[in-house]
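Below is one structure, written out as structure tokens; comments come after it.
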Amino acid sequence: MNFIMSLVAVLALVLTAFLGIEAAGLRTFFSMAVPYVAFTLFIAGTVYRVLAWASSPVPFRIPTTAGQQKTFPWIKRNRFDNPANKKEVLGRMILEVLLFRSLFRNTKAEIEKGPKLYYQWEKWLWVGGLALHYSFLVILLRHLRFFTEPVPFFVQALGGMDSFLQVGLPGIYISDSVFMLAVIYLLVRRLIIPTVRYISLPGDYFPLILMLAIGVTGILTRYFTRVDLLKVKQLALGLAKFQSSAPEQVGTIFYIHLLLVCTLIAYFPFSKLMHAGGIFLSPTRNLPNDSRIRRHVNPWDYPVEVQTYAEYEERFREKMIEAGLPVAKEIAAGGPAVYPLTKK
Amino acid sequence: MAKLPKPSELALDYTLPKKGWMDAAVDFRPGTWSHAARAKNLEAAGLPNARQWSPADSDWKLPSNWKQIIFEGMRERLEKFRSLRIFMDICVRCGACADKCHFYLGSGDPKNMPVLRSELLRSIYRGEFTLAGKIMGSIAGARELTENVIKEWFYYFFQCTECRRCSVFCPFGIDTAEITMIGRELLNLLGLNIDWIAGSVANCRHTGNHLGIQPHAFKNMIEFLADEIEAVSGVRVQPTFNRKGAEILFITPSGDAFADPGTYTMMGYLMLFHEMGLDYTFSTYASEGGNFGMFTSHEMMKRLNAKMYAEAGRLGVKWLLGGECGHMWRAVNQYMDTMNGPADFLEVPKSPVTGTIFDNAASTKMVHIVEFTADLIRNGKLKLDPARNDNLVMTYHDSCNTSRGMGFFEEPRYVIKSVCNKFHEMPPETIREQTFCCGSGSGLNNDEFIEMRMRGGLPRANAVRHVEERHGVNALSCICAIDRSALTTLMDYWVPDVTVYGVHELVGNALVMKGESERTSDLRGDPLPGMEASEDENI
């Protein structure tokens, strides 16, 4: 149901762009207004979300330690999984952000009669996730060639490397294939693993289907409908310089692709896609495990009610004396015990 | 006590319900939930809405403005804890955590998958605090806050042991323990706690320890253990209490003073301190290392923990030594200094025996007993006869809190291997940072919760059974008071031939003391290896 809902939403977007161009001819709207609005929402939304996160303090130092702590010099410690200072935290964060270190630990539990539990090698989610993110990054960088003149060297080089497996003309980008496979894997996985399907919300299917549609329309513009890339570049350069005019003859498929991309950009800060930013602020990962070494201060700390020793002794004094335990105040003969309340 | 099915009859069903998870209705089946906090305990602890009620009742007697209390409580905590704000926003429901939870593996209940446990709270957050949730409702993953949701929170937040195993695997480090802790804080605003926790908290506040042991009884118990030591070794140890001017204040969970097999661990501490001539004292006021406040709210954790530094200051000791405990050490390592520090009236801990300075405790001034002992062994200060433990084929259970809230892996192994000749590790997926919970942590080690405890402990028990079958392991060691009690019950249920030991009990067995008589039995009074024959002759 959640899947169908998301699929319908993406199809509606495709239809909107198609009708908007073919029937209503709203070229300027789709090629100029939509990208600017999307980009504004993206920037404003992201800034808002990050500020909201940052506005809440980190009262306690709660890293998840996944390796040996810093202790004696003769015990080898694990600097990346249990960092003891900021430099080592940087190492942990680089491993998390660039290589998805935690996801790499993934295993799959299997239960057999007995009951007997097994833990199996399961790195496909890690492979799929890494493939999706890196192919997306390459594709994003490649698209810079539309927004720059002259095209920077690294963008050209990236395009060259990406298409070194020359299959037909124009060359097939490896990143396109990896991206499509990764998105399909993640989507299929979400649909066929019963537990993952059970936990999936519309907000989990929607970005995957959206990315799938972006991939399909992107590939269509490049290999099949042969959109006039020079005109696309004129448009992109114009958008970047805030002096664009809508191009005359670019295939409708391009406008569909553009609307889908704009939707993804605008949707990003208001969805789970913000995990990209959240990981940097995650207190179980970005703090050193050093709160026994250095004091961590809680900015909203406040005094609390504590039962003092004086109150304790007041309650148990007789029993304590009887048991030979030292007391601060002996029981005065004939009268109730009085504990000096004033501090020295 | 709820009826507990036999291990062979315990049904494990992973079939997912037809209904989606947003349906909040919970079946309160006996054995899967803990008794409600009694009014007198909530009152004694100073917690709100004390009243007589039971989770099995349909009317939970919530305050009339309960919704407002929850929403205000959430708002306050979102503003106070970045962790909560981030964890509410960034989950992508990848499912990596799903089969990492011992309660999910042992129960098959999908709401025990960490992702859904968090979604129980997240769905309410979306509905009240996000624009998308307010406009699109369930399409945006939002739910309405109803009494059923509160009941569901109670059921599942007291069905999580805050072990943090899922957090190790989460690509964003989302920590269900943090969500459970805050979830329980919210429930406590409505007077919804379990009695096993509230009772311990109330006791701890008034008598200084969870078990409610009064000062004279505490002293008597330790002196009884001193008698036991004399019977085993011929050596008389002389513990002191509430003594001003001692160098070290020693604090351990009260379970070590009162509950087998923790008492044998306590005997090990006493023997070690005596042999080293340590200038230390117990305190009857700060006689609890554990902190059930941690399972109630951050404020309650602070209130109970405050006694440690307060007593160290009153007695004028130089530093603190802490016994074998799990969540106590998460509290000490990650919260104590922040909550009740700075402990600038204490000195950076220095072992009076080896001269080692514990730089890693430079600020909190509290050293773990296993660190202390590892340093003694490393410096050759202990005369040990590990052959006395030769009847034990040992494995080691890493406690959740010392593992994932501290990173305490090598020190205990070093000590165990120094005092035991036969040691085998459980499979790597079940130890160290991937260790499985005993199933009874975070205040859930009560009798009425027994079925869930045995289910939650299944992954741990399975790993023990694996090494029992493969290497003939018959002993399971640990450094946690709840483990010592809970794993004993768990082993009786799943792997009956395995006995549970505290690490310092093993140290006490192996420790060759000055002036000791020939030992014929271990600290439990069982014959030492090679002494069985002489034991028989006596009969």
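The values are calculated or read from the model by the stated rules, or taken from the named source; none is laboratory data. Predicted, not measured: the structure shown is a model, and the values here were computed from it. Every residue, glycine as well, gets a Cβ built from its backbone with ideal geometry; the counts of neighbours run over all protein chains shown. Note: accessible area is taken over every heavy atom of the protein model, side chains too, but ligands, DNA and RNA are not part of it. Shrake-Rupley method; radii C 1.70, N 1.55, O 1.52, S 1.80 Å.
Measure nothing fancy, just the Cα-based angle from helix B:410-419's long axis to the longest principal axis of chain B, in degrees from 0 to 90, nearest 10.
For helix B:410-419, the angle is close to 40 degrees.
Packing-wise, with mean Cβ within 10 Å as the measure, how do A:70-79, B:360-369, A:194-203 rank, highest first?
Peptide ranking by packing, descending: B:360-369, A:194-203, A:70-79.
Non-local amide H neighbours of A:A109 (under 5 Å, H modeled in plane, Pro and chain starts lacking H): which ones?
A:Q120
What's the magnitude of the charge dipole for chain B around its Cα centre, counting Lys and Arg as +1 and Asp and Glu as -1 at the beta-carbon? Answer in Debye, nearest 20.
For this selection, approximately 1840 debye.
Between 0 and 90 degrees, rounded to the nearest ten: what's the tilt of helix B:195-207 against the longest Cα principal axis of chain B?
50
Using protein heavy atoms only (no ligands, DNA or RNA), what is the total accessible area buried between B and A, 1.4 Å probe, nearest 100 Å²?
Answer for the B-A pair: about 8700 Å² buried.
Ignore the peptide's own chain and count Cβ atoms of other chains within 10 Å of each Cβ in B:162-172; give me the average, rounded.
6
Where the centre of each part is set by its Cα atoms, how far does segment B:392-412 sit from segment B:467-497, in angstrom?
Comparing the Cα centres of segment B:392-412 and segment B:467-497, I get a distance of 14 Å.
Leaving out ligands and nucleic acids, and using a 1.4 Å probe, what accessible area per residue does the protein assembly as shown come to in Å²?
Ligands and nucleic acids excluded, the figure is 38 Å² per residue.
Under a plain spin-label model, where a point goes 7 Å from the Cα along Cα-to-Cβ, how far apart in nm are A:W121 and B:T15?
3.4
Using alpha carbons only, how many angstrom separate the centre of segment B:221-279 from the centre of segment B:309-370?
When both Cα centres are located, 19 Å separates them.
Quick one, can you get me the convex hull of the C-alpha atoms of segment A:124-232 expressed as volume per residue in Å³?
So the per-residue Cα hull volume is 118 Å³.
Given the peptides B:302-309, A:209-216, A:37-44, B:340-347, arrange them by the average over their residues of other C-beta atoms within 10 Å, most packed first.
B:302-309, A:209-216, B:340-347, A:37-44
Of the heavy-atom accessible surface of chain B (probe 1.4 angstrom), what whole percent is carbon and sulfur?
49
Work out the length of the dipole vector of segment B:216-343 about its Cα centre, built from +1 on the beta-carbon of each Lys and Arg and -1 on the beta-carbon of each Asp and Glu, and round it to the nearest 20 debye.
Its charge dipole is roughly 540 debye.
State the antiparallel share, in %, of DSSP beta bridges confined to chain B, rounding to the nearest 5.
Bridges in chain B that DSSP calls antiparallel: roughly 20 percent.
Take the Cβ-Cβ distance between A:F164 and A:S245 as r, set R0 to 56 Å, and report the resulting FRET efficiency rounded to the nearest 0.05.
0.95
Which Cys in chain B stand alone, with every other cysteine's Cβ at 4.7 Å or more from theirs?
B:C91, B:C94, B:C101, B:C160, B:C170, B:C204, B:C325, B:C420, B:C438, B:C478, B:C480
Which of A:G20, A:I172, B:T180 sits farthest toward the positive end of the charge dipole of the protein assembly as shown, with +1 on the Cβ of Lys and Arg and -1 on the Cβ of Asp and Glu?
The listed residue farthest towards the positive side: A:G20.
With a Förster radius of 60 Å, plug the Cβ-Cβ distance of B:A259 and A:L181 into 1/(1 + (r/R0)^6) and report the FRET value to the nearest 0.05.
The computed FRET efficiency comes out at 0.60.
Under the rule of -39500 (n - 2.57) per DSSP H run of 4 or more residues, summed and divided by the residues of chain A, what mean residue ellipticity at 222 nm is obtained, to the nearest 500 deg cm²/dmol?
Mean residue ellipticity at 222 nm (helix-derived): -17000 deg cm²/dmol.
Rg to Rh for segment B:207-378: what is it, with Cα atoms only and Rh by Kirkwood?
That ratio equals 0.94.
For A:K233, go through the aspartates and glutamates and keep the ones whose alpha-carbon is under 15 Å away, minus same-chain ones fewer than eight residues off.
Result set, ordered by chain and number: A:E149, A:E248.
In the protein assembly as shown, what percentage of the DSSP-assigned beta bridges are antiparallel, given to the nearest 5?
35
Residues of A:295-302, mean number of Cβ from any other protein chain within 10 Å of their own Cβ, rounded to a whole number?
If you average over the peptide's residues, the count of other-chain Cβ atoms is 5.
In terms of Cα to Cα distance under 30 Å, which lysines are near enough to B:K61, apart from those fewer than 8 places away along the same chain?
Within the straight-line cut-off, B:K61 pairs with B:K3, B:K19, B:K40, B:K80, B:K111, B:K134, B:K151, B:K302.
Kindly point out which whole DSSP H helices in chain A project their C-alpha atoms 20 angstrom or further along the helix axis while averaging a Kyte-Doolittle hydropathy of 0.5 or above.
Helices passing the filter in chain A: A:2-22, A:34-55, A:124-142, A:174-192, A:202-219, A:252-267.
Please state, to two decimals, what the Cα-based radius of gyration of segment A:30-126 comes to when divided by 2.2 N^0.38 Å (N = residues).
1.68
Where a Cα-Cα gap under 17 Å defines reach, which aspartates and glutamates qualify for B:K383, not counting those fewer than 8 residues away within the same chain?
The reachable aspartates and glutamates, counting only those whose Cα sits under 17 Å from B:K383, are B:E275, B:D375, B:E505, B:E516, B:E518, B:D522.
I'd like the antiparallel share, as a percent to the nearest 5, of DSSP beta bridges with both residues in segment B:386-510.
0
What is the Å³ per residue value for the convex hull set by the Cα atoms of segment B:122-166?
Per-residue hull volume (Cα only) is 83 Å³.
Could you order the peptides A:273-285, B:138-150 from most to least packed, using the average number of other C-beta atoms within 10 Å per residue?
Output ranking for A:273-285, B:138-150: A:273-285, B:138-150.
Per the Kirkwood formula on distinct C-alpha pairs, the Rh of chain A is how many angstrom?
Answer for chain A: a Kirkwood hydrodynamic radius of 25.5 Å.
To test your reading of the geometry: what angle, between 0 and 90 degrees and rounded to tens, separates the Cα axis of helix B:176-189 from the longest principal axis of chain B?
It works out to around 70 degrees.
With charges set only on the Cβ (+1 for Lys and Arg, -1 for Asp and Glu), what does the dipole of the protein assembly as shown come to about its Cα centre, in debye to the nearest 20?
3220
Per residue, how big is the convex hull around the C-alpha atoms of chain B? Give it to me in cubic angstrom, could you?
In chain B, the Cα convex hull volume per residue is 149 Å³.
What area, in nm² and to one decimal, does the C-alpha convex hull of segment B:386-510 cast on average over all directions?
6.8
Let me know the mean shielding of A:269-281 by other chains, meaning the per-residue number of their Cβ atoms within 10 Å of its Cβ.
Partner Cβ neighbours, averaged per residue: 5.
Put a dot 7 Å past each Cα toward the Cβ at A:L11 and A:L137; how far apart are the dots in nm?
3.6
Between B:E299 and B:D497, how many nm apart are label points set 7 Å from Cα along the C-beta direction?
The modelled label-to-label distance comes out at 5.3 nm.
Could you work out how much longer the chain between A:W74 and A:D228 gets when fully extended? Use 0.36 nm per residue separation minus the Cα distance between them, nm to one decimal.
48.8 nm
Taking the Cα centroid of segment A:275-315 and of segment A:190-229, what is the distance between the two, rounded to the nearest whole Å?
Measuring centre to centre over Cα atoms gives 44 Å.
Starting from the alpha-carbon convex hull of segment A:205-278, give the projected area averaged over all orientations, in nm².
If I average the Cα hull's projected area over directions, I get 5.8 nm².
Please list 3J(HN,Hα) in residue order for segment B:30-43, calculated via the Karplus relation 6.51 cos²θ - 1.76 cosθ + 1.60 where θ = phi - 60°; whole Hz, with x for glycine and proline.
So the J values, rounded to whole Hz, are x, x, 10, 9, 9, 4, 5, 4, 6, 4, 5, 6, 5, 4.
Nearest 500 deg cm²/dmol is fine: what mean residue ellipticity at 222 nm does chain B get from its DSSP H runs of n ≥ 4 alone, each adding -39,500 (n - 2.57), divided by its residue count?
Here the helix-only value at 222 nm equals -13000 deg cm²/dmol.
Cα atoms only: what Rg and Dmax, in Å, come out for the protein assembly as shown?
When restricted to the Cα atoms of the protein assembly as shown, Rg and Dmax are 30.5, 107 Å.
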